[in-house]
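Worksheet: one structure, shown below.
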Amino acid sequence: MIVELTCFAVDRVDQQVIDKWRWQGRLIHVVDGSTLVMSDTAENQAVFPQQSVHKAGLGFSIGRLVGITYLSSGVLKQASKIP
């Protein structure tokens, strides 16, 4: 239900954007990614393993995030974690 409400709200915001804010009248998506360094716990290691270049027991869990936003409004359309 939360996902559906969020999508509904994003669509409503986008409908309110005036055409001159769009690039040549088009809806442009911006994709951006980032990483997070998290505590080195067994739970985090199970979901977000260390990078393969690190020796076992050294380094931290690395979380990866990707987000898609609308250029015209800056509204976050979708976000995902990547294990």
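Values computed for the structure shown
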| read-out | value |
| --- | --- |
| Local electrostatic count at Leu27 - Lys and Arg +1, Asp and Glu -1, tallied over other residues with Cβ under 15 Å | +2 |
| Projected label distance in nm at Met38 and Gln24, using a 7 Å step from Cα toward the beta-carbon | 4.1 nm |
| Dipole of the chain, positive direction: furthest Cα of Gln45, Val13, Val3, with charges on the beta-carbon | Val13 |
| Rounded to the nearest 20 debye, dipole of region 2-82 from Cβ charges on Lys, Arg, Asp, Glu | 240 debye |
| Acute angle (nearest 10 degrees) that the helix 2-16 long axis makes with the longest principal axis of the chain, alpha-carbon atoms | 40 degrees |
| Val31 versus Lys55: modelled label distance in nm, points set 7 Å from Cα along the beta carbon direction | 3.7 nm |
| Net charge of Cβ neighbours under 13 Å - reference Glu4; Lys, Arg +1; Asp, Glu -1 | 0 |
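None of the figures in this text is laboratory data; all of them are computed from the coordinates on show. Keep in mind that this is a model prediction, so the values were computed, not measured. Reconstructed Cβ throughout: ideal geometry from the backbone, glycine too, with neighbour counts over all protein chains shown.
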